[in-house]
Amino acid sequence: MQERDRGRNKRHHSELPQEPPPPPRKNLLMQTPVLVLNASYEPINICAARRAIVLVLKGLAMPEEENGHFLHAARLAMRVPSVIRLLEYRRIPHQTRALSRKNILLRDRNTCQYCGVLLSSGELTLDHVVPRSRGGSSTWENLVACCHPCNRRKGNHLLSETDMKLQKEPRPFTLHTSRHIMRMIGRSDLKWRKYLFY
């Protein structure tokens, strides 16, 4: 008898209406990519929502598009931007970006360049294709995004000494690469399209 009651309770419980999914956690919301436009509306960068909000609050940029979420603080509630525009024109030199972990991961689209797995930036490391102990340098052409298992597997070896291969040849992060990545990321946010010259 008790088993039948338990079964009835289970059925009754599963028939209850589902609650709507919760809004994104605050820390995830603050990491949402935001397209940065120059004062001329030219796309020049992608930053995290946290940085975009700081630029808006400091009066250095203004929101052009919003992503529909709100950020609630003690004294204000503001919409989280999807696209911001700098209020003063910034001259962007036509050269490669600074060599940094962030830019390597952005260039490689947070994908391990050996096994092809897409991971969060915290789950990735940088690998020297030619290890430093073997004469490799820290350059665009010798650094790639790499998952920890592949990094351990490759160790201090040259690629020719392993059965591992690179997904693609590592190259410097140019303005063309930057625009291409903006378009790739922008595919998930339709509000970016009109600024990326589709």
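Read-outs throughout are calculated quantities, based only on the coordinates presented, and are distinct from any laboratory measurement. These figures come from a predicted structure and were not determined experimentally. Note that we place each Cβ from the backbone using ideal geometry, even for glycine, and neighbour counts take in every protein chain shown.
Remarks
- Segment 63-175 - charge dipole about Cα centre, Lys and Arg +1 at Cβ, Asp and Glu -1, debye rounded to 20: 240
- Computed from backbone phi with θ = phi - 60° and the Karplus coefficients 6.51, -1.76 and 1.60, the 3J(HN,Hα) list for segment 61-78 is 8, 10, x, 9, 9, 10, 9, x, 9, 10, 10, 9, 10, 4, 10, 8, 10, 9 Hz; x is used for glycine and proline.
- Distance between modelled label sites at Asp163 and Arg109, nm, 7 Å Cα→Cβ extension: 2.7
- 3J(HN,Hα) along segment 132-140, derived from phi through the Karplus expression 6.51 cos²θ - 1.76 cosθ + 1.60 where θ = phi - 60°, amounts to 4, 5, 10, x, x, 10, 8, 10, 4 Hz, with x in place of Gly and Pro.
- Among 158-167, 42-51, the peptide with the highest mean count of other Cβ atoms within 10 Å heads the list, and the full ranking is 42-51, 158-167.
- Distance-filtered residues of segment 80-120 - backbone nitrogen under 14 Å, label point 7 angstrom along Leu57 Cα→Cβ: 80-81
- Annotation note: chymotrypsin sites (Phe, Trp or Tyr not before Pro) in segment 85-147 located in DSSP loop regions with a Cβ neighbour count of at most 12 within 10 Å are Tyr89.
- Förster radius 35 Å - calculated FRET efficiency between His148 and Ala39, Cβ distance, rounded to 0.05: 0.25
- In a reduced charge model with +1 at each Lys and Arg Cβ and -1 at each Asp and Glu Cβ, segment 101-161 shows a dipole moment near 100 debye about its Cα centre.
- The convex hull drawn around the Cα atoms of segment 101-161, when projected onto a plane and averaged over every direction, covers 3.8 nm².
- Most positive-pole-ward Cα, Gly68, Ile53, Pro81, against dipole of segment 39-107 from beta carbon charges: Ile53
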